[in-house]
Amino acid sequence: MNMDQGAIEPSGTPSQNLRRPTLLDVARGYRMFLGRELEGAAIAGFHISKSPDLWNLIETIWSCQEAQNRRLVASMETAQRYQESDILTLETSHEQLDQLYQITLEAWRIRGLGSYREELRRNTARFSGRSGRWNRAHTLEAGRSELQHLTKALSRFGWEAVQGLTITALGPESFRLLQGTEDIDARLIGFELLTTDLAGANQTQLESGHSSANFHPIADFREHADIADLFYSIGGLQYAPPPVAIDIVRHAVSCLKPGGIAVFQIPTFLHDYSFDAVEYLAGKGQTLTGELHAVPQHAVLNLLATEGMQVLEVVPDASIGIHGLSYLYFARKNSDFDAGRASASETRRLTNEKDDHVEQTLTNDDLEHSIQNRQWFHRIDLGNGVITPGMDDTPFKLPALVLPDDLSGKTVLDVGAWDGFFSFECERRGAARVVASDSYCWDGEDIQDGGGFRLAHAALNSRVERLNVSVEQLDSAIHGTFDYVLFLGVLYHARDPLGYLAKMRSLCREVTVIETWVDGLDIDRPAMIFYPGGALNNDASNYFGPNESAVIAMCKEVGFSEVEVVNRHYYPNRMVFHARV
């Protein structure tokens, strides 16, 4: 064993390293796997007493929850750097794009999709002893179930499988949806990546007698102009180089009817992956055994915005297994999209019909009347002497947060924004970008219908971005990371407070500001009080009241390096913490 460089390096197998660990081993294990110093000799003694040998100590520290959280945070930061970096060159000339298509289609024709396809293929139940007809029937039954699940998922967005729909499907074995489309009396247009799948599609159609479907080779996709109600692609785009995948999606959504839906899966991150069109065309990255590709999240979202698509949902999936991160995108084509006015620099904004109503209300009615005609939680100064009549004394809370007076150049995420007081305040202080997120206080009724935020946003002519997602749906790989995260009045509403704080850590680059109800302040160790039913303030959404020590300990557990109590006394039983990365 060599300890000269401060590392734990067992020199042989576990059976050859049976000596008991020492205090020095524990200390170095903490530095290596937890990134911090050992608290004291008592903790070291505990580990030594529980570890019969050095290998056992290493396994114990490596597998503890704190080490797992640290590795998770590091992985998310790596994925985020990938999203924000120039590791992929997506811009190509028309000539380069044509060449990429030619190389890709020729590779698929000659070699198929390679080893990745065999590993990741959706339908693994293939039996060489069975007939091709039996296997096709099995594929059709799986596709029928898949389409049923898809239509059920789309019903959440008001989409209905009405008679006469046209569905464009692209990917391996797109003919698997044939039986399912027949069930709902829809027309299927399938584009197959492989000649064998195209042959299987034609044979299946011949055997089943489904005459309304049409199947084509993927080489025909760029020329097709059939207008569809639904574009669906699973397990296909990941085999195309990024510029080709992006171009396929662009053409697919351009052929959607107004109000049409696009549902497609594509990886957004792969381990040890990079792409440069010039190098790829020169042969670098082309392999005989098959390729797997990724497109950064921001490129997909920018494309959808440019093509007049409203993002409905972005869901992680397991399509590429251990190879990286993959997502399933749901998007709807805006009914009033004008391709001539679309801008490639357009940013993603999630809106709904209520927003249009608010803008119209401000145009046609008196602002004061609109404000007085609804309930408010925040007191927001809208200018010209107009202040929203919120029940919460929000301006009094503001100094307690100890926010910088100047946020120039900073990005801010306001989690649980409600009427948006703190979001608009950060914008007023010069933040370069502010995102207000909520769902609980935006998707309810009356005071929690989100109308207050929309009204104030319009009155202030604000640039704050509105993101209607729950805390659980926030994802740094999708929504990015922020210099400041405001987590105000949310923690004690969490069933999983530790998980919520871990989420904040993954979204934060500098400081998370935590304002929360606290309890158990007379307990001299980290503790939380549980409130069953409506035990706290007769509100069943209140779950836990942590004490000061618990908040600090939980923040450090999820990866914050420093936690400061910046206000203990501005309200009874409420505190403000700054958790720094």
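No lab work stands behind these numbers, since they all come straight from the coordinates. Since the structure is predicted, the reported quantities are computational estimates derived from the model, not experimental observations. Positions of Cβ are backbone-derived with ideal geometry, glycine not excepted, and every protein chain shown enters the neighbour counts.
A few points about this structure:
- With a cut-off of 14 Å between beta carbons, the residues surrounding T388 carry a summed charge of -3, where Lys and Arg count +1 and Asp and Glu -1.
- Placing unit charges on the Cβ atoms of the charged side chains and taking the dipole of the stretch 353-580 about its Cα centre, the candidate lying farthest along the positive direction among V565, F424, F530 is V565.
- Entry note, the stretch 88-333: relative contact order of 21 percent, from Cα contacts under 8 Å with a spacing of 6+ residues.
- Shape of the stretch 88-333, Cα gyration tensor, a/c cut at 1.5: oblate
- Charge sum, other residues only, whose C-beta stays under 13 Å from G430's C-beta, Lys/Arg counted +1 and Asp/Glu -1: 0
- Sorting the segments 136-145, 302-311, 283-292, 235-244 by their residues' average number of neighbouring beta-carbon atoms within 10 angstrom, most packed first, yields 235-244, 302-311, 136-145, 283-292.
- Modelled spin labels at H138 and N537, positioned 7 Å past Cα toward Cβ, are 5.8 nm from each other.
- Summary value for the stretch 14-63: 50 percent relative contact order, contacts being C-alpha pairs under 8 angstrom separated by 6+ residues.
- Net dipole in debye of the stretch 365-408 [+1 Lys, Arg Cβ; -1 Asp, Glu Cβ; about Cα centre; nearest 20]: 180 debye
- Given charges at Cβ of Lys, Arg, Asp, Glu: the stretch 88-333 dipole, positive-most of P243, L198, G180: G180
- The stretch 353-580, relative contact order [Cα under 8 Å, separation at least 6], %: 16 percent
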